[in-house]
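Novice: Sharing a structure with you now.
What follows draws every value from the coordinates through simple rules; no lab data is involved. Predicted, not measured: the structure shown is a model, and the values here were computed from it. Don't worry about glycine lacking a Cβ; one is built from the backbone with ideal geometry, like all the others, and counts go over all protein chains shown.
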Amino acid sequence: MIEILGTLVSLDLFKVMFCCDLSKCHGICCVEGDAGAPVTIEEVGLLEDSLDVVWDDLSREAQKQIDAEGVVYPDRDGELVTQIVCGKDCVFVKYDNISLDGGKTRGPRCALCAIDSAFRNGKFHWQKPISCALYPVRLSKVGDMTAVNVHKWDVCQPARDLGKKLQLPVYRFLKDPLIRRFGQEWWNECDVAFGELKKAGYLD
């Protein structure tokens with residue numbers, strides 16, 4: 001771990017190569033797992049606000065779950081997470097075919113985030129929970145500091161394979177969400193650290 005502007009950053013942020021490959025994983029991270037996506041108190045209101053925009057994109061089961069229990073629930077550790085359907089899909093999942101080759105080819109049917117899709121289409125002002133945007137980065141508290149780690153999940157092997165092919169480290173793949181969470185100066189310091197660590201042979 002190294003310290004960057006008050007955070008403890010795992011070297012995996014620079015060592016692990018990663019680039020989501022929806023054509024291979026089909027968005028499985030929005031479906032698999034034992035709980036929904038972690039959210040902050042501030043994000044709960046944004047999730048609720050998004051319902052006016054994304055409601056018709058959600059499954060009937062998800063709509064019923066939200067009507068009955070709301071958009072979030074406390075997991076076994078007491079942390080707020082998005083509701084899930086039948087112990088599986090996040091309630092904000094929508095299924096659609098992705099485009100390949102710059103939109104020329106219709107790709108496989110994937111689990112996508114309805115809120116993220118609305119944001120990208122200019123229909124909603126917020127993208128999605130920061131925990132989703134940052135994945136595979138996971139944040140935790142170590143005393144008064146925030147630890148920045150990389151979660152390794154077997155369903156993301158296609159992303160690691162593509163990242164290795166592209167030589168794209170996690171911190172560069174997640175540049176925008178990391179800046180959204182920590183700021184441009186923090187990311188710039190990460191970039192400097194990457195160069196210094198690489199030069200010193202710590203990333204071999």
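Novice: Quick check: the distance between the Cα centres of the stretch 133-204 and the stretch 22-64, to the nearest angstrom?
Specialist: 24 Å
Novice: Please determine, in degrees from 0 to 90 and to the nearest 10, the orientation of helix 184-199 with respect to the longest principal axis defined by the Cα atoms of the chain, where the helix direction is its Cα long axis.
Specialist: Orientation of helix 184-199: about 50 degrees from the principal axis.
Novice: Right, something else. With n ≥ 4 as the cut-off for DSSP H runs, can you work out [θ] at 222 nm for the chain, using -39500 (n - 2.57) per run divided by the number of residues, rounded to the nearest 500?
Specialist: Roughly -11000 deg cm²/dmol at 222 nm, from the helical runs in the chain.
Novice: Sticking with this structure for a sec: I'd like to compare 63-76, 2-15: which one has the highest average count of other Cβ atoms within 10 Å, and what's the full order after that?
Specialist: Averaged packing, sorted descending, gives the order 2-15, 63-76.
Novice: Hey, of (1) 18.2; (2) 18.6; (3) 17.4, which did the structure itself give for Kirkwood radius over Cα pairs in Å when calculated?
Specialist: (1)
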